[in-house]
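To start, the structure itself, in structure tokens.
The values are calculated or read from the model by the stated rules, or taken from the named source; none is laboratory data. Predicted, not measured: the structure shown is a model, and the values here were computed from it. Using ideal geometry, Cβ is built from the backbone for each residue, glycine included, and neighbour counts are taken over all protein chains shown.
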Amino acid sequence: MRILEILFVIWNVDVISAGSLTDVNNIYSTVLTNYTVDTRPITNQNAVLYITTKFHLSSVIKLDEPSGEFAAAGILDLDWTDESLKWDRNNYDGQNEIKISSKKVWTPSLVILNPSASSKHLTVDNTKVNVFSDGTVNWLVADVFHTACDIDITYFPFDIQTCKISLISWNYDVLVQFVPQNLTMNTQYYTENGVWELERTEILSGTNITPSAAYVVDFSVVLRRRSTLLSSIFWCQ
């Protein structure tokens with residue numbers, strides 16, 4: 001978890017901007033007056049709100065074969081446009097970015113669709129969003145994601161397992177859609193697991209069950225049992 005905390009701090013660090021404290025306070029007052037968190041932040045309420053989606057995978061913490069529980073640490077990275085959170089930076093000494101508590105602005109209600117028995121709500125209460133003058137909102141959610149995984153040990157100890165984290169935006173159907181920026185997770189800072197080797201990752205999105213159901217984004221992790229474990233098994237024999 002230490003590397004996850006470090007990465008979250010790096011990606012969420014304040015950027016030095018040109019404006020003064022007065023400028024920043026005036027921006028807050030301008031964009032948050034009469035703002036409501038209960039309405040999708042798009043002028044045409046019949047239009048789809050698209051959320052650009054990325055996932056920074058930090059580590060695979062466990063894959064428990066008896067229970068089928070998969071746990072991975074990572075950062076969910078979401079971007080969308082909030083049409084109510086825009087300002088002319090020229091009126092605020094060039095100030096282009098502010099940070100706002102995620103409780104004070106609209107954010108998608110994230111729910112894990114395939115939770116494990118020990119799964120919990122995502123840790124979002126104390127998060128902040130980065131808001132830019134053009135209305136772009138960036139939200140980083142760092143957590144350990146616990147999900148249920150269908151494990152097939154038919155070919156043990158030469159098995160390959162595929163586990164996924166499936167997320168939906170609760171209370172919305174296809175009017176909120178996740179759009180993967182890439183087809184794979186970011187594994188630049190991935191810490192290797194002692195038992196499972198990371199083969200590949202995949203990000204897919206689409207509707208769940210029927211066209212009128214919620215829009216789902218799946219983050220899939222393909223794991224191969226390590227050869228070092230195989231050597232230990234044969235050595236013991």
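With respect to S29, is the statement that it is in a helix (DSSP H, G or I), at pLDDT 95 or above and over 16 Å from the mean Cα position of the chain (by Cα) true?
For S29, the condition - in a helix (DSSP H, G or I), at pLDDT 95 or above and over 16 Å from the mean Cα position of the chain (by Cα) - is met.
Working only within segment 48-72, note down all residues that are in a loop (DSSP other than H, G, I, E, B) and touching a residue at least 12 places away in the same chain (Cβ under 8 Å).
The answer is V48, E65, S67, G68.
For segment 221-232, does any single residue satisfy the condition of being outside any strand (DSSP E or B), buried (at least 18 other Cβ atoms within 10 Å of the Cβ) and modelled with pLDDT of 75 or more?
no
Specify which of the listed residues (W139, W196) is in contact (Cβ under 8 Å) with a residue 40 or more places away in the chain, surrounded by 12 or more Cβ atoms within 10 Å (Cβ to Cβ), among the aromatic types (F, W, Y) and within 25 Å of D38 (Cβ to Cβ).
W139 is the lone residue from the list that is in contact (Cβ under 8 Å) with a residue 40 or more places away in the chain, surrounded by 12 or more Cβ atoms within 10 Å (Cβ to Cβ), among the aromatic types (F, W, Y) and within 25 Å of D38 (Cβ to Cβ).
Would you check if I75 is touching a Ser or Thr at 6+ places or on another chain (Cβ under 9 Å), buried (at least 18 other Cβ atoms within 10 Å of the Cβ) and part of a strand (DSSP E or B)? Full working, then the answer.
Details: touching a Ser or Thr at 6+ places or on another chain (Cβ under 9 Å): yes; buried (at least 18 other Cβ atoms within 10 Å of the Cβ): yes; part of a strand (DSSP E or B): yes.
Considered against the rule, which asks whether it is touching a Ser or Thr at 6+ places or on another chain (Cβ under 9 Å), buried (at least 18 other Cβ atoms within 10 Å of the Cβ) and part of a strand (DSSP E or B), I75 comes out as yes.
What residue, among those in segment 100-113 that are touching a Lys or Arg at 6+ places or on another chain (Cβ under 7 Å) and surrounded by 18 or more Cβ atoms within 10 Å (Cβ to Cβ), is farthest from E69 (Cα to Cα)?
Once the filter is applied, the top-ranked residue is I100.
Return the residue satisfying two criteria in turn: it lies in segment 155-173 and is within 13 Å of the chain's Cα centre (by Cα) and either small (G, A, S) or part of a loop (DSSP other than H, G, I, E, B) (or both), and of such residues it is farthest from T43 (Cα to Cα).
This residue is S166.
It is to be established whether one or more residues within segment 75-86 are more than 24 Å from V179 (Cβ to Cβ) and either among the small types (G, A, S) or at pLDDT 95 or above (or both).
Within segment 75-86 (the criterion being more than 24 Å from V179 (Cβ to Cβ) and either among the small types (G, A, S) or at pLDDT 95 or above (or both)), the answer is no, since none of the residues qualifies.
So which residues in segment 127-146 are charged (D, E, K, R), more than 13 Å from the chain's Cα centre (by Cα) and not in a loop (DSSP other than H, G, I, E, B), if there are any at all?
Listed by number, the list holds a single entry, K128.
Could you check segment 174-191 and list, in sequence order, the residues that are assigned to a loop (DSSP other than H, G, I, E, B), at pLDDT below 95 and out of contact with any Pro (no Cβ under 9 Å at 6 or more places or on another chain)?
Within segment 174-191, L175, Y189 meet the criteria.
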